[in-house]
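Step one of this worksheet: look at the structure below.
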Number of protein chains: 2
Amino acid sequence: MEFSSKLIEKAVNEIAQLPGIGKRSALRLVLHLLKQPKEQTSFLSQALLQMREEIKYCKNCHNISDNTICEICANRNRDHQVVCVVEDIRDVLAIENTGQFRGIYHVLGGKISPIDGVGPSQLKIPTLVEKVKNGHIVEVIFALSSTMEGDTTNFYIYKQIVNSGVTMSTIARGIAVGDELEYADEVTLGRSILHRVPFEKSFKNN
Amino acid sequence: MEFSSKLIEKAVNEIAQLPGIGKRSALRLVLHLLKQPKEQTSFLSQALLQMREEIKYCKNCHNISDNTICEICANRNRDHQVVCVVEDIRDVLAIENTGQFRGIYHVLGGKISPIDGVGPSQLKIPTLVEKVKNGHIVEVIFALSSTMEGDTTNFYIYKQIVNSGVTMSTIARGIAVGDELEYADEVTLGRSILHRVPFEKSFKNN
């Protein structure tokens, strides 16, 4: 696309670098901003700049935070002996929204994925292993997505802490609540039968 | 969604004000920016700010431009007697990409749409009427989308310049090149028969 304005072109090119936004969508967003008051654009760019400059990562769990220790790790009412291992802040948000977890998190920042060039050294695995070896932790819950990369990462961590006496578990895989059996894939359905739950347990904690 | 960081929350809320971007997508974009070098975020916000602050509109055709007269209007090789009436810069880009138009444009900035609260006074219609009445224009080509609003706008302008002796035309409606007849809607197919083109003309100018 050739633009009549270099300013538009620059803005479109910058927006189009974001994932999932092409040049056409970027132009649509730019034209939207032009129709809105100038303040909206300045608020937007200030929020982005400030976020990028001032964001911190929690020293304990590596989650995104405004302080050196995040709100969850700083909360004394939570069980600091149970650690849920997740990929990034989105998983923390998702699990927090369930209201079913009272422990703390450990945010790896990704999964081991040789194809994307992500090795164990780029992830926050050593601090997790250290925490486990220091004996502060009773249970590690693996809550990575059940892909090849997720399973590899789980197994890599497992091998390093298997002898430390910590309990390890993974979140349950199975048919989603409300889903029809006939549309479930066979791996998920198979796992849901293998890991079936005693009936009395199934209606507790709802 | 409850975020562990106010900075993230602010950035997400600002991005989610853009059309077609919800909070989930906004969070995905923010996390992407956090993984990229800081420069990318600062380039992005600078480009947006600069674009919003410094953008000008061409005095002649009201198209977005870096100067007071846009490149198209300033081009002496173009036919300034043929004016194509369009809604916004996207239509200018689309028509320019065809390479089939050598005239100039007149960008209305929208279509008459009472539902959205857009009346004729919000559009750049008076300057078009004035240009026509001054006798500088030989042909006006209406290239608005063929919706109720587009047709209303066309007709509103038509009524004001019908007595000025200018030639008026609309872009042809019909079956898209490469499309199957059986999937075309009946209005479009009907128009394509009504406004059929002499066969010799149909393979010229390709």
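Of all lysines in the structure, the ones whose alpha carbon falls short of 17 Å from that of A:LYS56, not counting any fewer than 8 places away in one chain, are A:LYS124, B:LYS6, B:LYS10, B:LYS35, B:LYS38.
Could you tell me the convex hull volume per residue, in Å³, taken over the Cα atoms of the stretch A:62-206?
Output value, Cα hull per residue: 148 Å³.
Using a cutoff of 8 angstrom between alpha carbon atoms and counting only pairs six or more residues apart, the relative contact order for chain A works out to 12 percent. Taking amide hydrogens as placed 1.01 Å from N in the peptide plane, the amide H of B:VAL118 sits under 5 Å from those of B:SER113, each at least 5 positions away in sequence or on another chain. On the basis of the beta-carbon distance and an R0 of 30 Å, B:GLN122 and B:THR167 show a calculated FRET efficiency of 0.65. Simple rule: put +1 on each Lys or Arg Cβ and -1 on each Asp or Glu Cβ in the protein assembly as shown, find the dipole, and look at A:ILE193, A:ASN154, B:LEU49; the Cα lying farthest toward the positive end is B:LEU49.
Accessible surface area normalised per residue over the stretch B:79-171 is 51 Å², counting heavy atoms of protein chains with a 1.4 Å rolling probe. Shown for the stretch B:6-53: the carbon plus sulfur share of the solvent-accessible area, taken with all protein chains present and a 1.4 angstrom probe, equals 51%. Counting every Cα pair in the stretch B:12-110, what percent are over 22 Å apart? Tail of the P(r) past 22 Å holds 48 percent of the pairs. A 1.4 Å probe, protein heavy atoms only, puts the accessible area of A:ASP185 near 70 Å². These residues, A:ASP179, A:ASP79, go from largest to smallest accessible area, 1.4 Å probe, as A:ASP179, A:ASP79.
When B:ARG102 is represented by a point 7 angstrom out along its Cα-to-C-beta vector, the spacings to that point in the other copies are 8.0 nm, nearest first. For the stretch B:111-184, applying the loop criterion from DSSP together with a ceiling of 10 other beta carbons within 10 Å to the GluC sites (Glu not before Pro) yields B:GLU180. With the whole protein complex present, A:PHE155 retains an accessible surface near 120 Å², based on a 1.4 Å probe. Sorted shortest first, the distances from the B:LYS124 label point to those of the same residue in the other copies are 5.1 nm; each point sits 7 Å from Cα along Cα-to-Cβ. A 1.4 Å probe run over the stretch B:6-51, with the rest of the protein chains in place, finds 47 Å² accessible per residue.
Each Cα pair under 8 Å and six or more residues apart adds its separation to the average, and for the stretch B:79-171 the resulting relative contact order is 32 percent.
The rotation axis that maps chain B onto chain A passes nearest to the beta carbon of this chain B residue, listed with its distance in whole angstrom: B:SER45, 2.
Computed about its Cα centre, the charge dipole of the stretch B:79-171 is approximately 240 debye, with only Lys, Arg, Asp and Glu carrying charge at their Cβ.
Rolling a 1.4 Å probe across all protein chains gives B:ARG28 an accessible area of roughly 100 Å². Cα centroids of the stretch A:21-90 and the stretch B:168-206: 50 Å apart. The accessible-area ordering, largest first, of the residues A:LYS159, B:LYS131 stands as A:LYS159, B:LYS131, per a 1.4 angstrom probe.
In the stretch A:56-113, the portion of solvent-accessible area held by carbon and sulfur atoms comes to 45 percent [1.4 Å probe, whole percent, DNA, RNA and ligands not counted]. Buried surface for the B/A pair, taken as the accessible area of each chain alone minus that of the pair with a 1.4 Å probe, is close to 5400 Å² in total.
Counts of other chain beta carbons within 10 angstrom of each beta carbon in peptide A:37-44 average 5. Each copy carries a label point for B:PHE203 at 7 Å from Cα along the beta-carbon vector; from one copy to the others these points are 7.7 nm apart, nearest first.
The values are calculated or read from the model by the stated rules, or taken from the named source; none is laboratory data. In this text the structure is predicted, and so the values were computed from the model without any measurement. Glycine also receives a Cβ, built like all others from the backbone with ideal geometry; neighbour counts cover every protein chain displayed. Calculation scope for accessible area: heavy atoms of the full protein, side chains included, ligands and nucleic acids excluded. Shrake-Rupley method; radii C 1.70, N 1.55, O 1.52, S 1.80 Å.
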